[in-house]
Amino acid sequence: MRLLIVGGGNVGLEKLTAVLNNSPLTRILLVAIHINDAIHDLAKKYPNLSLEQRAFNANDLPEADIVIVAVNDIEASKKIRNEARLHGKLVNVADKPELCDFYLGSIVKKGNLKIAISTNGKSPTIAKRLKELFTEMLPEQLDTVLDNMQAIRLKLNGDFADKVNKLNDITKVLAVNNVRDPKAGEAKWRKIASWSLLAFFFMLFGHVVLTLVPFQDMIAKGRELALGLDKRFFWMIAAGFLAQLVDGALGMGYGVICTTVLLSLGVNLPAISGSIHTAEMFSSGMSGYSHYKFGNVNKKLFKALLIPGIIGAVIGAVLLSKLGDEYAGYIRPILAVYTLGLGIRILFTAFRKNKAPQKVKKVGWLAGAGGFLDSFGGGGWGPLVTSTLISKGRTPRFVIGSVSITEFFVTLASALTFFGMLGLSHWQVIAGLVIGGTIGAPLAARLSGKLPLKTMFIAVGTMVIIWSLRILLKTFEVF
């Protein structure tokens, strides 16, 4: 078909890109007084795309089959549309459904599979969000499934009805609920997370009770305990709340914010380090559950991150317990340089149009490194794993949700290892951070799902850069 596009700005670029992504051989003439650089770049890649930098005139219409109008002038759009109607052409006018003969839907592509989403022009934003949802949710292997189904279809014998029945039998697993409950796996992991959290909580609670509160004098000791609370306890709750609010919404920042606030309160570094690792397990558990409830978790990504992350966390905790914190100091600046580059790349991505997601290779190794550095280096799971995945163009909402729910298991493994090897101390700091983090987690998960995509890219990129610079400045004793 022959397509005429009138307009060379951002909207014209969006329409042009949509057409080329789904039908790259279309013969296109784009006419505009001003044509932006991105369109010129596309013209270099597609010989079937012609650009003419001038005003539209009626002589452009006879050679076109359909017309797309993308100019920021409603009166000019109406005139072009009316002229096209006189020539019997079908017209789409950007953002003006009442002037359109047809609409351009959002297209989800997974190889040979295409899903078109249209709202009849009422809300392109909803169509765009649904496209992001389906793109993230549908596995890349679907194209392989289609190839296999084609091979099966070509080998089938019998008449048409017989072939249809056989193909229906093969594919009915996709539609029949009683073949396999799709929520069975979710329930299993939810149960594991809940029981793990409860077990560790009661272990810690029992340790505190048996150490500080004799059973025969529980009431008296309870009053004494309340009176003996640190005067900074409520500030510790505020630190946990603020840290979890940022970490749950952006997938990182818990350790940085907790350390900064607790240092300003005069808490010593050993207490901060041990307390953050223990408290983060509770807040990350609540955060992961909240992200799951709000639909922010990509289950496939979660499963790919889980086991390697746990293994890395346990190894890092054991080595740190044996070797001491001074060895971790050599790892942090290397990680900081890497994440600084990722942070800059994420900011660049936020301002770049139409970034296609890249396939992330060796996710297991990434999770293992993140778990190891989080235990051995005193932090790094979020900045390393979250920023790497987002820098590849993945949707921040699903990356943050998946990384956050995995972080619970990673932190649990790390905390159990530290607890078994070093014991528990500084319970008031832990309690304050746990209470604040538990309050902030659901709010942060809801915020993660509501933030615009560009805003999340900018916020994550900025947080990664701040975290990286802080580590580097501390390494070189700038402060």
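Which one is surrounded by the fewest Cβ atoms within 10 Å (Cβ to Cβ) among residues in segment 1-34 that are part of a helix (DSSP H, G or I) and touching a helix residue (DSSP H, G or I) at 6+ places or on another chain (Cβ under 8 Å)?
Here the residue is 17.
Within the bounds of segment 27-34, is there any residue that is more than 28 Å from residue 123 (Cβ to Cβ) and of a type in the set (Lys, Arg)?
yes
Kindly indicate which of 473, 443, 469 is hydrophobic (A, V, I, L, M, F, W, C), surrounded by fewer than 16 Cβ atoms within 10 Å (Cβ to Cβ), at pLDDT 70 or above and out of contact with any helix residue (DSSP H, G or I) (no Cβ under 9 Å at 6 or more places or on another chain).
Of the residues listed, the single one that is hydrophobic (A, V, I, L, M, F, W, C), surrounded by fewer than 16 Cβ atoms within 10 Å (Cβ to Cβ), at pLDDT 70 or above and out of contact with any helix residue (DSSP H, G or I) (no Cβ under 9 Å at 6 or more places or on another chain) is 473.
What tally of residues in segment 35-56 results from selecting those that are over 13 Å from residue 20 (Cβ atoms) and assigned to a helix (DSSP H, G or I)?
Total satisfying the criteria: 2.
In segment 373-400, which residue that is of a type outside the set (Val, Ile, Thr) and at pLDDT 80 or above is farthest from residue 139 (Cα to Cα)?
Ranking the candidates gives 389 first.
Give me the residue from segment 259-316 that is in a loop (DSSP other than H, G, I, E, B) and either out of contact with any Gly (no Cβ under 8 Å at 6 or more places or on another chain) or under 14 Å from residue 240 (Cα atoms) (or both) and, out of that set, modelled with the highest pLDDT.
265
Can you name the condition, by its number, that residue 68 falls short on among (1) assigned to a strand (DSSP E or B); (2) under 30 Å from residue 150 (Cβ atoms); (3) touching a residue at least 60 places away in the same chain (Cβ under 8 Å)?
In the conditions (1) assigned to a strand (DSSP E or B); (2) under 30 Å from residue 150 (Cβ atoms); (3) touching a residue at least 60 places away in the same chain (Cβ under 8 Å), residue 68 misses (2) alone.
Inspect segment 42-57 for any residue being closer than 19 Å to residue 96 by Cβ and buried (at least 16 other Cβ atoms within 10 Å of the Cβ) and give the result as yes or no.
Yes, segment 42-57 contains at least one residue that is closer than 19 Å to residue 96 by Cβ and buried (at least 16 other Cβ atoms within 10 Å of the Cβ).
Among (1) part of a helix (DSSP H, G or I); (2) modelled with pLDDT under 75, where does residue 403 come up short?
The failed condition is (2).
Of all residues being in a helix (DSSP H, G or I) and of a type in the set (Val, Ile, Thr) in segment 80-128, which is modelled with the highest pLDDT? Just the residue, please.
Of everything passing the filter in segment 80-128, 80 is modelled with the highest pLDDT.
Could you please let me know if residue 424 is buried (at least 24 other Cβ atoms within 10 Å of the Cβ), among the aliphatic types (A, V, I, L, M) and either at pLDDT 70 or above or on the phi < 0 side of the Ramachandran plot (or both)?
no
The values are calculated or read from the model by the stated rules, or taken from the named source; none is laboratory data. What you are looking at is a predicted structure, and each value in this text was computed from that prediction instead of being measured. A quick note on method: Cβ atoms are made from the backbone with ideal geometry, for glycine too, and the neighbour counts reach across all protein chains shown.
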